[in-house]
Amino acid sequence: MLILRGNLCFIVLFTLLNQVNCCQLLISELFVLLQCHNGHTLCSTCKTRVHNRCPTCRQELGDIRCLALEKVAESLELPCKYCSLGCPEIFPYYSKLKHEAQCNFRPYNCPYAGSECSVVGDIPFLVSHLRDYHKVDMHTGCTFNHRYVKSNPREVENATWMLTVFNCFGQYFCLHFEAFQLGMAPVYMAFLRFMGDENDSRNYSYSLEVGANGRKLTWEGTPRSIRDSHRKVRDSHDGLIIQRNMALFFSGGDRKELKLRVTGRIWKEQQNSDAGVCIPNLCS
């Protein structure tokens, strides 16, 4: 195997594959290189796009494979493009992009749900971005008590949302609260997302509670990673869902104004090596 690092890999790769008149080669996991009778090369995916004509000499393309160039491409091993962010992995050329789509070192998308924010970065950067650009409320601690008020709860629009960020156990968590239509029924939903990868999110649990007038609803679960989009979590109903009639009942009064108080806590699961069970670690 030919292992290339740094700028050298791009120089050599460009030199070896410069003759491939192909727009799809760099995003293909598996590719077949074809050549015309004059030796110009093209991948099989792009062959149909150029109507079976060589884009260089306009000669008709056959089914002649360029095995030598295929072998050269397959022999290349390249570092992940996130190597500067800490990824140490090296992959064959044809599987590099598949890894990069799932690389644990790839940047995170901004978890802000209100404006389809396109900003990406690491967790410290996104925390600053949420605070300074989106003006998100920041809190320290593992318990919370939030009140959500809406003057006209009869008007429920999809993706009506609020976001709060909590810092506890040295990690950051996003608390979402939304109103949207579930089928024909308007509902409210609260859920927590972990600012980190899915494997790390499993180390934490959280609970949510809402209630009044001698009634309450509770939810307990594991926070989803922000690798899962806000919409994906919401649409999977992975959180505390409150029907509008119940929400108005909890609000009390004449039911003309929504006044919901959502309380909750976050804890870290600690493995007891002797008993083989998890013991919740609550922050003070």
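The values are calculated or read from the model by the stated rules, or taken from the named source; none is laboratory data. No experiment lies behind these values; they were computed from the predicted model shown. Note that we place each Cβ from the backbone using ideal geometry, even for glycine, and neighbour counts take in every protein chain shown. The accessibility values were calculated without ligands, DNA or RNA, using every heavy atom of the protein model including side chains. Shrake-Rupley method; radii C 1.70, N 1.55, O 1.52, S 1.80 Å.
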For R265, are the conditions met, namely being open to solvent by 90 Å² or more (accessible area, probe 1.4 Å), in a strand (DSSP E or B) and either at negative phi or touching a helix residue (DSSP H, G or I) at 6+ places or on another chain (Cβ under 6 Å) (or both)? no
Taking the stretch 60-80 only, how many residues are open to solvent by 20 Å² or more (accessible area, probe 1.4 Å), of a type outside the set (A, V, I, L, M, F, W, C) and not in a strand (DSSP E or B)? 5
Looking at the stretch 123-137, which of its residues are within 18 Å of F169 (Cβ to Cβ) and loosely packed, with under 13 Cβ neighbours inside 10 Å? P124
Could you check H99 against (1) closer than 26 Å to E198 by Cα; (2) without any contact (Cβ under 8 Å) to a residue 24 or more places away in the chain; (3) surrounded by fewer than 17 Cβ atoms within 10 Å (Cβ to Cβ) and say which number it fails? (3)
Can you pull out every residue in the stretch 81-94 that is at pLDDT below 85, part of a helix (DSSP H, G or I) and open to solvent by 30 Å² or more (accessible area, probe 1.4 Å)? Y94
The number of residues in the stretch 186-214 that are of a type outside the set (F, W, Y), within 22 Å of A247 (Cα to Cα) and in contact with a helix residue (DSSP H, G or I) (Cβ under 7 Å, 6 or more places away or on another chain) is 7
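Would you check if R106 is among the charged types (D, E, K, R) and touching a Phe, Trp or Tyr at 6+ places or on another chain (Cβ under 6 Å)? It would help to see each step written out before you state the result.
Details: among the charged types (D, E, K, R): yes; touching a Phe, Trp or Tyr at 6+ places or on another chain (Cβ under 6 Å): yes.
Yes.
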Could you go through the stretch 205-222 and let me know if any residue there is assigned to a helix (DSSP H, G or I), modelled with pLDDT of 90 or more and not hydroxyl-bearing (S, T, Y). no
